[in-house]
Amino acid sequence: MHAKVKEIGEGIKSMKIRGAGKIARAAAEALKYFAMEYEGEEAEFQTELEKVSNYILSTRPTAVSLRNAVYYVLNRINGDTLDEKKTSIVKNAEAFISMSLESVKKIGKFGAERIRDGSTILTHCNSSAALEVIIQAHRSGKDIRVFNTETRPWLQGHITSRALSKEGIDVTMIVDSAVRYFMRDIDIVIVGADTIASNGAVINKVGTSQVALVAHEARVPFLVAAETYKFSPETVIGKLVEIEERPAEEIAEPKDFPGVKFRNPVFDATPPDYIDAIITERGIISPYLAYQIIKEVMQFGVES
Ligand code: RI2
């Protein structure tokens, strides 16, 4: 396997590279490196490209952003000669990466409009799209406070707290199970997404659906910040979103608990009924428009 591709793949598997947007950009980058540095036979290029793509696709199963990034690059390859194809892959990968980064900025801009001055926001896990909304609201001069969950077992909440504090935002970290206790102080919830199914269900870090349920009970608006490449064309043709289960060791040391079983699903699905809106780079939409987004915006990914 190509060294840089392997490094990126292992980085995604071990979660050194994480976050649905980041792993998508890393996937595109892996294909770019492969194309740039390919020195093998022209006749073997296609087979090698498929191997590399399949390896990247196998790194993490849940975030469709990863697969959409790979298909974005592959489905737009043009040219007849090896050099033309290689150049095309590099161009496509770069186009995906800049589209992805621009999308996050736009989401921040649109989402910030939805944050009222004086608001207290709750977020779960570490989503760069959700953080962009919060940070742009703060930078536009709004006086905001944030509560963020620590996010067991991987503690991505630590990254969120540090990032917000570095921005000068008033941030309070709470344990995941304290969400209902604090919901009375929250004006709006904003989270990210790994995958959005065609029925509008949002698959995000485990615990998100509990946060949504509590917000729903308390009539607190629940918003999702997600680029359109997180919408899943596969779900249109009946595929279920695979929920990744990671090793027990991420929860505790199993040998210290003889006879105890562990389960560690790292994502869950929030039904559209609990979601007030999804902030995309195309605008703020109802979750029930997911199918429309998949149909109109994404011209890649569906293999029937
Ligand atoms: P952005 C993350 O997954 C979290 O579930 C987060 O909410 C989501 O990706 C979206 O993140 P993980 O890689 O793309 O931590 O908004 O398992 O950064």
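The values are calculated or read from the model by the stated rules, or taken from the named source; none is laboratory data. Fair warning: this is a prediction, and the values are worked out from it, not measured in the lab. Counting neighbours? That spans all protein chains shown, and the Cβs are built from the backbone with ideal geometry, glycine included.
Here residue 115 passes the criteria (1) among the hydrophobic types (A, V, I, L, M, F, W, C); (2) in the same structural domain as residue 17 (by TED's automatic domain parsing); (3) more than 16 Å from the ligand (Cβ to nearest atom) except the one numbered (2). The listed residues are 267, 257, and the only one of them that is within 17 Å of the chain's Cα centre (by Cα) and aromatic (Phe, Trp, Tyr) turns out to be 267.
Residues of the stretch 13-22 that are assigned to a helix (DSSP H, G or I) and either surrounded by fewer than 23 Cβ atoms within 10 Å (Cβ to Cβ) or not assigned by TED's automatic domain parsing to the domain that holds residue 58 (or both): 13, 22.
Residues that are away from the ligand (no atom under 12 Å from the Cβ), at least 3 per element: which strands (runs of 3 or more DSSP E) completely within the stretch 156-266 meet that?
Working: elements: 170-174, 188-191, 202-205, 222-225.
Correct list: 170-174.
Within the stretch 91-104, residues that are of a type outside the set (A, V, I, L, M, F, W, C) reach partners that are outside any helix (DSSP H, G or I) with beta carbons closer than 6 Å, at six or more positions or on different chains, in the pairs 92/76; 103/227; 103/281. Among the conditions (1) touching a Pro at 6+ places or on another chain (Cβ under 7 Å); (2) over 20 Å from residue 194 (Cβ atoms); (3) surrounded by fewer than 15 Cβ atoms within 10 Å (Cβ to Cβ), the only one that residue 248 does not satisfy is (3).
Kindly check whether there is at least one residue in the stretch 45-59 that is in contact with a strand residue (DSSP E or B) (Cβ under 7 Å, 6 or more places away or on another chain), outside the structural domain of residue 125 (by TED's automatic domain parsing) and closer than 23 Å to residue 267 by Cα.
At the first step, the residues of the stretch 45-59 found to be in contact with a strand residue (DSSP E or B) (Cβ under 7 Å, 6 or more places away or on another chain) are none.
Checked the stretch 45-59: no residue is in contact with a strand residue (DSSP E or B) (Cβ under 7 Å, 6 or more places away or on another chain), outside the structural domain of residue 125 (by TED's automatic domain parsing) and closer than 23 Å to residue 267 by Cα.
For residue 155, the requirement of being without any contact (Cβ under 8 Å) to a residue 12 or more places away in the chain and aliphatic (A, V, I, L, M) is met.
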